[in-house]
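Visitor: Supplied in structure tokens, the structure appears directly below.
Where a number appears in this text, it was derived from the coordinates with a stated rule and is not lab data. These numbers were taken from a predicted model, which means no experiment stands behind them. Because the Cβ atoms are built from the backbone with ideal geometry, glycine has one as well, and the counts that use them run over all protein chains shown.
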Amino acid sequence: MQIFNWFVETLSSNFYFQVAVFTAIFALFSYFSKGKTPSTAMNKTYSLTLASLLIALSIVLTRFASAVIPLGGLPALRIGLGPIPIIIASLVLGPKWGFAVGAVADVVGVTLFPQGSPIFLIFVAQGLYGVLPHYFKLLFKGHSFINFLFTVSLTQLITGFITTIGLAHAFGWPFWQAYFLRLPTQLTLMILYSITVFLLNKIIQPVVAHRLVTHRR
């Protein structure tokens, strides 16, 4: 437990440690998925257009279709569908485009609609929404709801954990207090996001598959 507390405290406050940890995570995922990633080569203009639409949709859903619940008098708990376009970007366009969608959506959203000082770990978490689903989907193969539930739930578990570390450090809360306050909502979001992504994937994937075939011709 002491090691874990040290890890959380260092991750929340040391920028260089943050960079080292997340670089190691990306390298690890890339190594284990080497040779397993399916081809998602699409016209760059098409990919950029789709990514731009998903960025705009994420910003709108986050800023205008979300409920912010104060914790300790601070706007620390957001319930909304903003991460869903980022997850879709990861599954459809791959981790590089997915990270770009998450990162740009967060930066633009914070710039246009500021709600306090930017928190770096929340920026990282938004980027990971665009990276992790791609790799977890390789692990949980198939298109059943259970596979999507595992993929989205693990993504939400990790991003929610990182977000909580950032919020706890920024607002001066004990980590475990913030974690357990946010836990019921995180569990609800896992189910909500899984159902939504599963249904949207059924609509989007056939369109993308057709686009891939057309592009290869």
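Visitor: Lysine pairs in region 39-207 with alpha-carbon atoms under 21 Å apart, 8 or more places apart or on different chains: how many are there?
Guide: The result is 5.
Visitor: Now, a different point. Could you give me the ³J(HN,Hα) list for region 79-94, computed from phi with Karplus coefficients 6.51, -1.76, 1.60 and θ = phi - 60°, whole Hz, x at Gly and Pro?
Guide: Those phi angles translate into 10, x, 9, x, x, 4, x, 5, 4, 4, 4, 4, 6, 8, 9, x Hz.
Visitor: Can I ask one more? Of the peptides 56-68, 146-158, how do they stack up when ordered by the mean number of other Cβ atoms within 10 Å, highest first?
Guide: 146-158, 56-68
Visitor: Pull up all non-local amide H partners of residue 66: gap of 5 or more, or a different chain, and H-to-H distance under 5 Å with H placed in the peptide plane.
Guide: none
Visitor: On alpha carbon coordinates alone, what is the Rg over Rh value for region 39-207, Rh being the Kirkwood radius?
Guide: Radius of gyration over Kirkwood radius for region 39-207 works out to 0.96.
Visitor: Turning to a different aspect of this structure: As an exercise, use a Förster radius of 30 Å and the Cβ-Cβ distance of residue 204 and residue 139 to find the FRET efficiency, rounded to the nearest 0.05.
Guide: 0.90
Visitor: Then there's this: Pulled fully out, how much extra length does the chain show between residue 48 and residue 4, if you take 0.36 nm times their separation in residues and subtract their Cα-Cα distance?
Guide: Taking residue 48 through residue 4 to full extension adds about 11.9 nm, to one decimal.
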